[in-house]
Amino acid sequence: MAPLPGAELVRGSVQLYRYLLRCCRRLPPGPVRQHYRHAIRQSFKVHADEDDPVRIQQIIKRAIEDADWVMNK
């Protein structure tokens, strides 16, 4: 399963959140989808106070790479 188009356009945290949730919709319904939706929400809560732009871009890059891995799994 290929990642959704538009990953290269993700620049901010809200765009990343929406992109990841759209990726989740492509997963099979059930516990797997629920697990990843929960993990996305928790990760955003953990990183909500991040204010370093370089670190934010690192997090975005890593999240997209992880989403690609999950979608290809």
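So here's what we get for this one:
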| read-out | value |
| --- | --- |
| Projected label distance in nm at residue 52 and residue 72, using a 7 Å step from Cα toward the beta-carbon | 2.8 nm |
| Value of relative contact order over the chain, rounded to a whole percent, pairs C-alpha under 8 Å and six or more apart | 52 percent |
| Per-peptide average of other Cβ atoms within 10 Å, ordering 52-59, 10-17 highest first | 10-17, 52-59 |
| Cα gyration tensor shape of the chain, rounded if a/c is under 1.5, else prolate or oblate by comparing a/b with b/c | oblate |
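Computed from the coordinates by the stated procedures, all read-outs in this text should not be read as laboratory data. Since this is a predicted model, take the numbers as computed values, not measurements. FYI the Cβ positions are ideal-geometry reconstructions off the backbone, even for glycines, and counts take in every protein chain you see.
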